[in-house]
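To keep things clear, I will list the structure first and then write my remarks on it.
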Amino acid sequence: MTSTIPQFDHAVRATTDRLRPVMAGFRPYERAHDGLLSALGTELFASMPRRDQRTKGMAYLQGLLEAEGRKSIRNIAALFGGDATEQSLHHFIVSSTWDWTPVRRALAQYVERVTQPQAYVVRPLIIRRAGETSVGVERRFVPALGQVVNAQQAVGVWAAAPDWSSPLNWRLQLSPRWLADRRHRRQTDIPDSEVPESLDQCSVKAYQELIKKSRLPIRPVVMDAQETDVAAVVGWLRAADTPMLLRIDGTQRLTVEEPAFPRRGVSMTAQQIMSLVWHMRRPGRRPGEGHTSPGPVVAVRVTLSHAARREGRSDSSLVLMGVAEHGHWPAELWLTDLTTSSVGELLQLASYARRVERDTKEVADRVGIRDFSGRSFAGWHRHTTLASAAHAVAMLSDRAEPRLLTGTG
């Protein structure tokens, strides 16, 4: 088979200036774009032993940033050539031998080095599918949508700060139905090491993978735990010495430990606790000043329910934080073990979840984080890894300073 590497080299150089304007939906980053692609690409693909793999990796990354419309392999290949290029890129993503793990590690370490993450946000991602052959796809009820959809469900771990966020690791949730079907496993090349996971298990493992494999520092984990076993998540994260801020729903049972609380020591739902706090409010107190605050934020010391403690899970002190919004009380409920942090610091951490939600829609979706249409497990992970790198380039380009281009501090 004739090598397409020279064509790739020429096409990548030729399209850099010609096609950059198609990303006009992002904030301006024209000059930084090339520098970041070069600096990040050199590190990102260093683990690939062959030059043709590194060249295709750069082409695919550039295509994610510059191809119009859906970031399919066909649309990406159209930037650089015809059918031969499409076939080559398809093999690179779906059937090649390169391992995405060191590529993700390089991405995570680059983002860590050139930015100042404040927390890791763990967030599920629903990827709708029309058919039934994509790895992990099935009919599932999605509470955020209020309906049953045919979709994959993944979990992303994002580095986050007040003005940016970037995904660093992904884990695809696979159900017992998928993993028990030998035909499905064979057709999608699911490794034997993959086992069924609940959403909470998938979420915690995605975080643990990132920290362990990328050798990143421990930072607070911000996570929407409304659909998980909260006590289990608390236990797992505490076992990893990881501080946490978890969004919970009103049905979570907790026990208030504050001396002045009238039902101290009684297991109640988070909603019941906050309703009682609201009726006990007194004028003149500041938001977050114990259970008597009339303000938009209330923080109350709690522990997990007695049932959770009987199962051997942690009973150490936690803080339940209720947040009002547009007259609704409570609009959000958060549980944290950051008991010495101020309400302002906790609200700042909570805001990173909204930052990730916004950046998913405005950046990650635009670089094709949900656009892999193949069926293979490895292909999904390779595409998602490179889409995460494209997201980092898009996010960092408008913030770029000379140190960002070289990775020096």
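For segment 69-180, give me every one of the strands (runs of 3 or more DSSP E) that falls completely inside it and has 3 or more residues that are under 14 Å from the mean Cα position of the chain (by Cα).
The qualifying strands (runs of 3 or more DSSP E) are 119-128, 147-161, 164-172.
Going residue by residue through segment 17-24, is there one that turns out to be within 23 Å of R366 (Cβ to Cβ), at pLDDT 90 or above and open to solvent by less than 30 Å² (accessible area, probe 1.4 Å)?
As a first pass, look at segment 17-24 and keep what is within 23 Å of R366 (Cβ to Cβ): 17-24.
With the extra rule that they be at pLDDT 90 or above, the set shrinks to none.
No, because not a single residue in segment 17-24 is within 23 Å of R366 (Cβ to Cβ), at pLDDT 90 or above and open to solvent by less than 30 Å² (accessible area, probe 1.4 Å).
State whether one or more residues within segment 268-290 are within 19 Å of D337 (Cβ to Cβ) and at pLDDT below 85.
Checked segment 268-290: at least one residue is within 19 Å of D337 (Cβ to Cβ) and at pLDDT below 85.
Taking P102 and the conditions (1) more than 17 Å from R54 (Cβ to Cβ); (2) modelled with pLDDT of 95 or more, which numbered condition does it fall short on, given that it satisfies the others?
That leaves (1) as the condition not met.
When segment 341-382 is examined, which residues are found to be part of a loop (DSSP other than H, G, I, E, B), among the charged types (D, E, K, R) and either open to solvent by 60 Å² or more (accessible area, probe 1.4 Å) or touching a His at 6+ places or on another chain (Cβ under 7 Å) (or both)? It would help to see each step written out before you state the result.
If we filter segment 341-382 for residues that are part of a loop (DSSP other than H, G, I, E, B), which is where we start, we get 341-342, 365-376.
If we keep only those that are among the charged types (D, E, K, R) too, we end up with 365-366, 370-371, 375.
Within segment 341-382, R366, R370, R375 qualify.
Among the candidates T251, T255, T242, T228, which residue alone is outside any loop (DSSP other than H, G, I, E, B) and of a type in the set (S, T, Y)?
After applying the criteria, what remains is T255.
Is segment 232-245 home to any residue that is open to solvent by 10 Å² or more (accessible area, probe 1.4 Å), closer than 19 Å to P167 by Cβ and either touching an Asp or Glu at 6+ places or on another chain (Cβ under 7 Å) or modelled with pLDDT of 95 or more (or both)?
No, there is no match, as no residue in segment 232-245 is open to solvent by 10 Å² or more (accessible area, probe 1.4 Å), closer than 19 Å to P167 by Cβ and either touching an Asp or Glu at 6+ places or on another chain (Cβ under 7 Å) or modelled with pLDDT of 95 or more (or both).
Scan segment 38-60 residue by residue and report those that are assigned to a helix (DSSP H, G or I) and under 16 Å from P102 (Cα atoms). Spell out the reasoning first.
Within segment 38-60, the subset assigned to a helix (DSSP H, G or I) is 38-44, 51-60.
Across segment 38-60, the qualifying residues are L40, G41, T42, E43, L44, Q53, R54, G57, M58.
Mind checking which residues of segment 195-213 are open to solvent by less than 30 Å² (accessible area, probe 1.4 Å) and either of a type in the set (D, E) or at positive phi (or both)? Spell out how you get there, then give the answer.
Step one: of segment 195-213, the residues open to solvent by less than 30 Å² (accessible area, probe 1.4 Å) are 197, 199-200, 202-204, 206-207, 210-211.
Correct list: E197, D200.
What are the residues in segment 102-116 that are in contact (Cβ under 8 Å) with a residue 60 or more places away in the chain and open to solvent by less than 40 Å² (accessible area, probe 1.4 Å), if any?
Of everything in segment 102-116, those that are in contact (Cβ under 8 Å) with a residue 60 or more places away in the chain and open to solvent by less than 40 Å² (accessible area, probe 1.4 Å) turn out to be V103, R104, A106, L107, A108, Y110, V111, V114, T115.
Looking at (1) among the β-branched types (V, I, T); (2) touching a helix residue (DSSP H, G or I) at 6+ places or on another chain (Cβ under 6 Å); (3) at pLDDT 50 or above, find the lone condition where T42 falls short.
(2)
Which of the residues that make up segment 291-307 are at pLDDT 50 or above, farther than 12 Å from G322 by Cα and surrounded by fewer than 17 Cβ atoms within 10 Å (Cβ to Cβ)?
Hit for segment 291-307 is H306, nothing else.
Could you say whether any residue in segment 136-156 is free of Cβ contacts under 8 Å to residues at least 24 places away in the same chain and among the acidic types (D, E)?
Pass one, segment 136-156, residues free of Cβ contacts under 8 Å to residues at least 24 places away in the same chain: 137, 139-142, 144-150.
Restricting the remaining residues to those that are among the acidic types (D, E) gives none.
Looking through segment 136-156, none of the residues is free of Cβ contacts under 8 Å to residues at least 24 places away in the same chain and among the acidic types (D, E).
Across segment 313-340, which residue is nearest to G250 (Cα to Cα) among those that are in contact with a Ser or Thr (Cβ under 9 Å, 6 or more places away or on another chain) and open to solvent by 20 Å² or more (accessible area, probe 1.4 Å)?
Out of the qualifying residues, it is W329.
Considering only segment 128-164, state which residues are within 30 Å of P217 (Cβ to Cβ) and open to solvent by 10 Å² or more (accessible area, probe 1.4 Å).
Q153, P162, D163
The values are calculated or read from the model by the stated rules, or taken from the named source; none is laboratory data. This one's a predicted model, so the numbers in the text were calculated from it and none came from an experiment. Counting neighbours? That spans all protein chains shown, and the Cβs are built from the backbone with ideal geometry, glycine included. Heads up: the accessible areas ignore ligands, DNA and RNA and are worked out on the full protein's heavy atoms, side chains in. Shrake-Rupley method; radii C 1.70, N 1.55, O 1.52, S 1.80 Å.
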